[in-house]
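Please read the structure below before turning to the comments.
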Amino acid sequence: MKSRSTVSVAELARRCAEEMARYRRRQSYDPRHCYELFRCALVRRGEEAWAALYSQYHHLVRRWLGNTPGNPDALVNQALAKFWQALPPDRFADFPTLDKILAYLRRCAQSVAMDARRQEEWKRVVEDSLAPTQGGVEQILDKIVGEQLYEYVTESLSSPQERLIFRASFEWNLKPSMIAARWSDTFTGAREVYRIKERIIRRLRRDKGLKQLLGVDDEDSGNNE
């Protein structure tokens, strides 16, 4: 292969496509052109190289995403954006072969797929369970997943006591009497714990920001206020 400075991005993209076609036919292939294309995109941050990588690999990323719920093109873009953000120029040397780069790209796609499935599960739970009953909201809270959702909920809590009861109730599955006994220096008894827990549930049931984060509007949740 010519030196990096003498081969255009268009030529690298053409050769990469040819070699990947050979790979798909289970023939011997040279990965250096594709690897160099990744270098141009990730180290030099070249827009032309990134567009060429998208053209070459978006079908592969889409296959890795499988039957993930959501818009396929948007999910592919999310996976590639995650990959781009996770690999600044100074990290490229950590991936000395094309196989290692593609393996990392696949992990990014799998991470996006997992987040999308969690989001879909959240929507399903909210649509099924966001009703004016304590049990419905507790079912939602019991299924909290994803860092963004967890951070949003915990930041909405107004005191250390609320944060403690939230974690003890919905992460550790402790009953109010158990919480009161374990933290007797913080709570006067199970009745106080139960009252604070009810306050958390009522606030989250009314939280429009939480519904927006989940992609559920008031009509979807049945306007149960």
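Among the residues in region 11-24, are any over 21 Å from ARG107 (Cα atoms), buried (at least 16 other Cβ atoms within 10 Å of the Cβ) and free of Cβ contacts under 8 Å to residues at least 24 places away in the same chain? Yes, region 11-24 contains at least one residue that is over 21 Å from ARG107 (Cα atoms), buried (at least 16 other Cβ atoms within 10 Å of the Cβ) and free of Cβ contacts under 8 Å to residues at least 24 places away in the same chain. Those helices (runs of 4 or more DSSP H) of region 45-142 in which at least 3 residues are modelled with pLDDT of 85 or more and surrounded by fewer than 15 Cβ atoms within 10 Å (Cβ to Cβ), considering only elements entirely within it, cover 47-65, 72-86, 98-129. Looking only at region 45-92, count how many residues are in contact (Cβ under 8 Å) with a residue 24 or more places away in the chain, over 22 Å from the mean Cα position of the chain (by Cα) and over 14 Å from LEU105 (Cα atoms). Count: 7.
The values are calculated or read from the model by the stated rules, or taken from the named source; none is laboratory data. None of the values given here were measured: they were computed from a predicted structure. A quick note on method: Cβ atoms are made from the backbone with ideal geometry, for glycine too, and the neighbour counts reach across all protein chains shown.
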